[in-house]
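Shown next, in structure tokens, is the structure this report addresses.
The values are calculated or read from the model by the stated rules, or taken from the named source; none is laboratory data. None of these values were measured; they are calculated from a predicted model. Glycine also receives a Cβ, built like all others from the backbone with ideal geometry; neighbour counts cover every protein chain displayed. Protein only, heavy atoms only, side chains kept; ligands, DNA and RNA dropped before computing areas. Shrake-Rupley method; radii C 1.70, N 1.55, O 1.52, S 1.80 Å.
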Amino acid sequence: MSAVRVLIADDQALVRGGFRVILETQPDIEVVGEAGDGAEALALARKLRPDVVLLDIRMPRMDGLEATRLIAAEPDPPHILVLTTFDADEYVYAALKAGAGGFALKDLRPEDLAGAVRTIAAGGTLLAEAVTRRMIERFVSRPKPGAPTGLTELTDREREVLQLIARGRSNGEIGAALFLTEATVKTHVTHVLRKLGLRDRVQAVIYAYEAGLVEPGDGR
């Protein structure tokens, strides 16, 4: 199996170097480049075609939010993992909405950083962390006129699945709660994403809150 190719974007050279050292100790991860701002990250993402971009939010010239939007809009884009020192950062919420696959705090343990890269590279998300849920709950406002209305396209079972996704449940946990096999849950998740025009579970969580299907603190 080929190594996961990673691009690191952070305006602090010491931080970039630290992440490189951590990740290059892993036999299945290869750091292919470093960027000091969002504009450079976008250019290198186009040139190097990494599997994963580790992207700091607050950078000069072009911040991580704009870089996320532009990188995610590329044909066959890399997976994006947002890095931040803030566990309640409205920019992180916006980055998730723009297409990032999840976010991690910069003080996470070295082994957790490598695990996060593997999760994102495999198309997974970092939704189960409590801090992610707190961040989403804080920055999603209550439904307003013009809130998403695609819920009418979902079956009752699909709405139940979406509710549980928004509460951070894994496919196995959803299956246990609804007495379904994990394969059946995966099928429902696929249908939910397709019907709502969403790219991944992160955007499904955001959609569920914005549509009022779940509210902050609901089901906790």
> Quick check, is residue 28 more than 17 Å from residue 105 (Cβ to Cβ) and either touching a helix residue (DSSP H, G or I) at 6+ places or on another chain (Cβ under 6 Å) or among the aromatic types (Phe, Trp, Tyr) (or both)?
Replying inline: no
Note on region 170-184: residues closer than 19 Å to residue 154 by Cα, under 20 Å from the mean Cα position of the chain (by Cα) and of a type outside the set (S, T, N, Q) are 174
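This table checks each residue for (1) in a loop (DSSP other than H, G, I, E, B); (2) open to solvent by 10 Å² or more (accessible area, probe 1.4 Å); (3) not aliphatic (A, V, I, L, M).
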| site | (1), (2), (3) |
| --- | --- |
| 54 | no, no, no |
| 59 | yes, yes, no |
| 95 | no, no, no |
| 107 | yes, yes, yes |
| 113 | no, no, no |
Counted residues in region 23-52 being farther than 13 Å from residue 118 by Cα, open to solvent by 50 Å² or more (accessible area, probe 1.4 Å) and either touching a residue at least 24 places away in the same chain (Cβ under 8 Å) or not in a helix (DSSP H, G or I) (or both) come to 5
Considering region 105-121, residues that are modelled with pLDDT of 80 or more and within 18 Å of residue 168 (Cβ to Cβ), and then whichever is nearest to the chain's Cα centre (by Cα), we arrive at 120
Counting only helices (runs of 4 or more DSSP H) wholly inside region 156-220, the ones holding at least 1 residues that are surrounded by fewer than 19 Cβ atoms within 10 Å (Cβ to Cβ) and of a type in the set (S, T, N, Q) are 156-166, 182-196
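Filter region 134-155 down to the residues that are open to solvent by 30 Å² or more (accessible area, probe 1.4 Å), modelled with pLDDT of 60 or more and within 15 Å of residue 207 (Cα to Cα) and list them by number. Write out each step before concluding.
We begin by selecting, within region 134-155, every residue open to solvent by 30 Å² or more (accessible area, probe 1.4 Å); these are 134, 137-139, 141-146, 148-149, 152-153, 155.
Filter once more, keeping what is modelled with pLDDT of 60 or more: 134, 137-138, 148-149, 152-153, 155.
Scanning region 134-155 gives 137, 138, 148, 149, 152, 153.
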The residue from 20, 5, 69 that alone is assigned to a helix (DSSP H, G or I), under 15 Å from residue 117 (Cα atoms) and open to solvent by 10 Å² or more (accessible area, probe 1.4 Å) is 20
Output for Cβ contacts, cut-off 9 Å, separation at least six or different chains, first residue among the aromatic types (Phe, Trp, Tyr) in region 1-17, second surrounded by fewer than 20 Cβ atoms within 10 Å (Cβ to Cβ) and in a loop (DSSP other than H, G, I, E, B), reads none
